[in-house]
Amino acid sequence: YDCTSLQRIKVPTTVQVIEEMAFINCVNLKKVELCNGLVHIANHAFSSCTSIQQMRIPSSVKSIGEVAFVNCTNLERVELSEGLEEIGVEAFLDCKSLLRINIPSTIKVIRERTFRGCRILVDVEVGEGVEKIMECAFDSCMSLPRIKIPKSGTYIHPQAFHHCPRLTEVRFCDEVDQ
């Protein structure tokens, strides 16, 4: 919490939970290594860690809490692993440098405002298994040109892609609506 000198962390295999606000506002934190054994990343765990550029979430992680990575403005790459079951509301809100995201097939719902404000997000891979995309899930993803909705998709909120001016192609399974 507010450890402005902290630059690197390695979370050992014995840690199962990164608690709420554990690393919030650690603005110089650049390298985070999460090991298998971690099960939950709590709300605000890495909020406003503005120097993190990449994050690999191991397959042992089942849930990411609300606003866990909000305002990580230099976060460019996030690797989400199969096994992840829940991503909280606004988990990646205002990650303005995020370029690509893969949503594992073990996620059933992309929650409200999860990727809102990821302005340069250009590639979203939605895994087969995702059923719902909720309100403003991708709001203000200004650079997103296309998205493919898997066969498992049964609900897309009318404002899921609000303020996405470059979105010109939505592919449902193997059909294209332009």
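Quick rundown of the values:
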quantity	calculated
Contour excess over end-to-end distance, with Cα ends at Thr13 and Lys108 and 0.36 nm allotted per residue	31.5 nm
Segment 20-178, accessible area per residue, ligands and nucleic acids excluded (1.4 Å, Å²)	45 Å²
Cα-based convex hull volume of segment 76-145 per residue, rounded to whole Å³	66 Å³
Cβ charges +1 (Lys, Arg) and -1 (Asp, Glu), total dipole of segment 1-109, debye	420 debye
Principal axes of the chain: Cα extent on each, largest first, Å	49, 28, 19
Residues listed by number, segment 7-41, amide nitrogen under 20 Å from Ser51 label point at 7 Å toward C-beta	7-12, 21-34
Modelled FRET efficiency - R0 35 Å, Val170 with Ser5, Cβ distances, 0.05 increments	0.15
Positive-end residue of Leu167, Ser140, Gly127, charge dipole of segment 94-178 with Cβ unit charges	Ser140
Burial ranking of peptide ranges 11-21, 72-82 (average Cβ count within 10 Å, highest at the top)	72-82, 11-21
Nitroxide proxy distance, nm - points 7 Å out along Cα→Cβ at Ser81 and Lys148	2.4 nm
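The values are calculated or read from the model by the stated rules, or taken from the named source; none is laboratory data. Not measured: the values here are computed from a predicted model. Because the Cβ atoms are built from the backbone with ideal geometry, glycine has one as well, and the counts that use them run over all protein chains shown. All accessible areas refer to the heavy atoms of the entire protein, side chains included, with ligands and DNA or RNA removed. Shrake-Rupley method; radii C 1.70, N 1.55, O 1.52, S 1.80 Å.
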